[in-house]
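Data first, discussion second: the structure below is written as C-alpha cells.
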Amino acid sequence: MVSSLESSVGTERKVITELPGPKSRAMQERRKNVVSAGVTNGFTIYIDRAEGAILVDIDGNHILDLGSGIAVTGVGHAVPELIEAVSNQVAAFTHTCFMVTPYESYIEVCEELAALTPGSHAKTSALFNSGAEAVENAVKVARHATGRQAVIVFDHAYHGRTNLTMALTAKNMPYKDGFGPFAGEVYRVPMSYPFIDGLSGAEAAARAIAEIEVQVGAKNVAALLIEPIQGEGGFIVPADGFLPALSKWTTDNGVVFIADEIQSGFGRTGEWFAVDHEGVIPDIVTTAKGLAGGMPLAGVTGRAEIMNSVHEGGLGGTYGGNPVAAVAALAVIRVMRERNLVQRARDLEKILLENLNSLARDVNIIGDVRGRGAMVAIELVEPGTKTPNAAAAKGIVKYCNEHGVIALACGTYGNVIRLLPPLVITDEQLADGLNVLAEAVRSVS
Ligand code: PLZ
C-alpha cells in the first residue's frame, strides 16, 4: 500500500463504509494465518495514512483519533518538522550503535531531558527503545546505586510486559496470566484512588508507608516506582499531597523515587511532567511514548550521582537512542515549544472536563470524571453505586469505533474510558469527538 505524502487528509471525520470496512475485514482474515493470536487489536481497521488527528483507513474512512496510539502522537500525525528530520537522518545514516560509534543527536536528547525533567540538579540519561526497557533500567540503576533490592509498586500500576515489568504491573489479565514465574523483591502497596477510597493524599500516603515499613522495611527498599497519574490502571489521579508525602519519605530513607512518566509525561497533562503539578522532584524519571512522536525511543533520566553510580558498560543495548528516533525526539520537542502544546493541553483539559462533567450530570452511569490536561477519563459504574460497569465501557468504545472515533478503555476493572487526543486536535474536531462519545454513553445508559 503506497500512500502519497502530498495527498491532503483534511480535518474531518468521514465514514464511508461500515466499520471495519470490507478491505479491513479481508486484512483481518489474512492476519489470522500469520500473526500470533496473543497480539490483539482494539479496533480492526487497517491504517493507510494519517495527518493531525485523522487516521485514514484502507477503505478510505477518515477516523478521528482520540487515543494518539496510546499517548504517543501528541504532536499529531505527519508533522512536517518530524518528517523532515527523520527523512534527513535516514539518508545520512540509520544506525551505528551508540555504544560502538556515537553521534550528536543522542547527546542533544539527553541535554533536553536534563533541562525538561523536574529539578535543577545535575542529571544524566541513558536511552532505550521501549517504555518497559526504560523502567527495567531505572530499577537496575536504583538497585546498583543503593545496594538494596526491594522495589515498591502500587495497586493498579502498569509498567510493561517484560519479565521484571510484568512483576511490577498489577493486573493479571491479560498481562501476566500464565507468564510467570515473575521477578522477586517487588512489593505492592495501596494507591491513592480518591473516587474509591475517599482518603486525603496524606492519609493515603500514610497507609502506603505503614505497609512498606511493616512488610518490607525502609532500609531494604531500593526504589519506589509510581505513575504520577496511572495510565492503564484507569487514569487514577492521586489525591493532592500523596506524591509529595511519598517523595519526602523516599528522601528521608535513602530510597530512589522513580516517576514513570511514560504515559503522563511530555506535555500530556499540561505540564512537561505530571509530577510538576505538585512540585515533586523525582530522583529518576522514565520517558517514552510522546517523547519521539511514534519513533521507538525511551529515556531514563536521573540525578547524576545515581545514574553514574553504575559501572562502565553496565547500561546499553544495540538500538537504544537510535539516531532516527533521536532526531524525531528533537523535532517533537521543537514543535511542542514552537506551537505551545503544553499550554494547549491545559486548554483541552478545560473543554474536556466541562463537557464530560455536564454529560455526567445527564446520565447515571458516569461515577467520576477526572484527569489533567489532555489525559482525561470517565469511570463507568452501575447506576447509583461505585460498582464497575465494564459492559458500559465496552459498549461505548464499540459505538465510538463504529462511528469513526477511536476511544480507548482502561482500568483494572475495564470500566474507564480514557481520552488522549493529539495535542494538535482542533476545537472543532474535539467537539465532534465528544458529541459521538456523548451519543455512545446515552446509547448504553
Ligand atoms: N509505563 C506508565 O503506560 C505503556 C501499554 C500497551 P512500552 N502503556 C501502554 C500494552 O497493552 O502493551 C507503558 C506505560 C507506563 C510503561 C509502559 C510500557 O511501555 O513502550 O509499551 O514498553
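The values are calculated or read from the model by the stated rules, or taken from the named source; none is laboratory data. Here the structure is a predicted model, which means the values were calculated and not measured. FYI the Cβ positions are ideal-geometry reconstructions off the backbone, even for glycines, and counts take in every protein chain you see. Surface areas here come from the heavy atoms of the whole protein model, side chains and all, with no ligands, DNA or RNA. Shrake-Rupley method; radii C 1.70, N 1.55, O 1.52, S 1.80 Å.
Structure values in brief
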quantity: Every pair of residues 6+ apart whose Cβ atoms lie under 6 Å, when the first sits in region 253-266 and is more than 10 Å from ALA71 (Cα to Cα) and in the same structural domain as GLN149 (by TED's automatic domain parsing) while the second is open to solvent by 10 Å² or more (accessible area, probe 1.4 Å) and away from the ligand (no atom under 16 Å from the Cβ); calculated: ASN253/ALA218; VAL256/ASP283; PHE257/SER247; PHE257/ASP283
quantity: Residue in region 267-283 that is surrounded by 22 or more Cβ atoms within 10 Å (Cβ to Cβ), at positive phi, in contact (Cβ under 8 Å) with a residue 24 or more places away in the chain and more than 12 Å from the ligand (Cβ to nearest atom) present; calculated: yes
quantity: Residues located in region 228-259, provided they are over 19 Å from ALA210 (Cβ atoms) and either among the β-branched types (Val, Ile, Thr) or open to solvent by less than 10 Å² (accessible area, probe 1.4 Å) (or both); calculated: PRO228, ILE229, GLN230, GLY231, GLY233, GLY234, PHE235, ILE236, VAL237, VAL256, ILE258, ALA259
quantity: Residue list for region 152-195, restricted to those being open to solvent by less than 10 Å² (accessible area, probe 1.4 Å) and under 11 Å from ILE226 (Cβ atoms); calculated: ILE152, VAL153, PHE154, ALA157, HIS159, LEU168, VAL189, MET191, SER192
quantity: Index of the failed condition, MET295 passing every other in (1) within 17 Å of VAL86 (Cβ to Cβ); (2) within 16 Å of the ligand (Cβ to nearest atom); (3) open to solvent by less than 50 Å² (accessible area, probe 1.4 Å); calculated: (3)
quantity: Any hit, region 369-377, residues being in contact with a Gly (Cβ under 9 Å, 6 or more places away or on another chain), within 30 Å of VAL300 (Cβ to Cβ), assigned by TED's automatic domain parsing to the domain that holds ASP240 and in contact (Cβ under 8 Å) with a residue 12 or more places away in the chain; calculated: no
quantity: Residue within region 304-323 that is under 16 Å from ALA142 (Cα atoms) and within 16 Å of the ligand (Cβ to nearest atom) present; calculated: no
quantity: Some residue of region 109-125 being among the acidic types (Asp, Glu), under 21 Å from THR287 (Cβ atoms), open to solvent by 40 Å² or more (accessible area, probe 1.4 Å) and away from the ligand (no atom under 12 Å from the Cβ); calculated: yes
quantity: Residues (more than 12 Å from GLY267 (Cα to Cα) and either open to solvent by less than 10 Å² (accessible area, probe 1.4 Å) or assigned to a helix (DSSP H, G or I) (or both)) located in region 321-341; calculated: GLY321, PRO323, VAL324, ALA325, ALA326, VAL327, ALA328, ALA329, LEU330, ALA331, ARG334, GLU338
quantity: Criterion violated by ALA134 - all others in (1) within 11 Å of the ligand (Cβ to nearest atom); (2) open to solvent by 30 Å² or more (accessible area, probe 1.4 Å); (3) not β-branched (Val, Ile, Thr) satisfied; calculated: (2)
quantity: Hits in region 12-51 - residues which are among the acidic types (Asp, Glu) and either assigned to a strand (DSSP E or B) or crowded, with 20+ Cβ neighbours inside 10 Å (or both); calculated: ASP48, GLU51
quantity: Strands (runs of 3 or more DSSP E) (entirely within region 52-145) containing at least 3 residues that are modelled with pLDDT under 95 and among the basic types (Lys, Arg); calculated: none
quantity: Out of ILE58, ILE70, sole residue that is surrounded by fewer than 21 Cβ atoms within 10 Å (Cβ to Cβ) and away from the ligand (no atom under 16 Å from the Cβ); calculated: ILE58
